[in-house]
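These notes are about the structure you will find just below.
Read-outs: derived from the displayed coordinates by stated rules, not from any lab. Only a predicted model underlies this, so the values are computations on that prediction, with no experimental measurement involved. Every residue, glycine as well, gets a Cβ built from its backbone with ideal geometry; the counts of neighbours run over all protein chains shown.
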Amino acid sequence: MGGTSKDRMKLAAELVSRGGTMLADPCPQDGGIQVRYRGRIYCVLHDDLSLISRATPVTYDTVVVLMRDVLVARLNETTAALAVEKDMDRQERLVSLAAKYLEVLQKLPK
Ligand SMILES: [Zn+2]
């Protein structure tokens, strides 16, 4: 924690410039501005954004790691949706989507 609110806004803007998204909804705890960054939501007021921005410079490696996380999460969602889908056409779409996720996952460097 620490830093003025101006510093925090600067850090929030920095996260956004690194691919984060400023959320429309304020933090439910303290009404702070929230930023989604690398799949997690951070509050400008109660999370220490300076640690995040220092710890995660954007490099090819961090993007690959993020990409893998996102693809695995999506693949998991698609599989879960497929498990309960009764409609054949939608099953087909889900299967081809899952196949694409797998294909990209396999292409990612280890
Ligand atoms: Zn908060």
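Given the convex hull of the Cα atoms of the chain, what is a quarter of its surface area in nm²?
Average of the hull's projected areas for the chain equals 8.9 nm².
Spelling out what I want: for every residue of the stretch 10-23, take phi, set θ = phi - 60°, compute 6.51 cos²θ - 1.76 cosθ + 1.60 (Karplus), and round to whole Hz; glycine and proline get x.
So the J values, rounded to whole Hz, are 5, 5, 4, 5, 5, 4, 4, 5, 8, x, x, 10, 6, 8.
For the stretch 5-55, how big is Rg over Rh, using alpha carbon atoms and the Kirkwood form of Rh?
0.91
If I take every Cα pair under 8 Å that is 6 or more residues apart in the stretch 5-55, average their sequence separation and divide by the length, what percent do I get for the relative contact order?
Relative contact order, the stretch 5-55: 33 percent.
For Pro109, what is the net charge nearby, where nearby means another residue's Cβ is under 14 Å from its Cβ and Lys, Arg count +1, Asp, Glu -1?
Residues near Pro109 contribute +2 overall.
In deg cm²/dmol and to the nearest 500, what is the mean residue ellipticity at 222 nm of the chain if only DSSP H runs of at least 4 residues count, each as -39500 (n - 2.57), divided by the residue total?
Calculated from helices alone, the mean residue ellipticity at 222 nm is -19500 deg cm²/dmol.
Taking neighbour counts of Cβ atoms within 10 Å as a proxy for exposure, in what order, fewest first, do Lys110, Lys6 appear?
Lys110, Lys6
What aspartates and glutamates could a cross-link reach from Lys107, if we take a straight Cα to Cα line under 18 Å and drop same-chain neighbours fewer than 8 places away?
Result set, ordered by chain and number: Asp61, Asp69.
Within straight cross-link reach of Lys100, meaning Cα distance under 19 Å, which lysines are found once same-chain residues fewer than 8 apart are removed?
Those lysines meeting the cut-off are Lys110.
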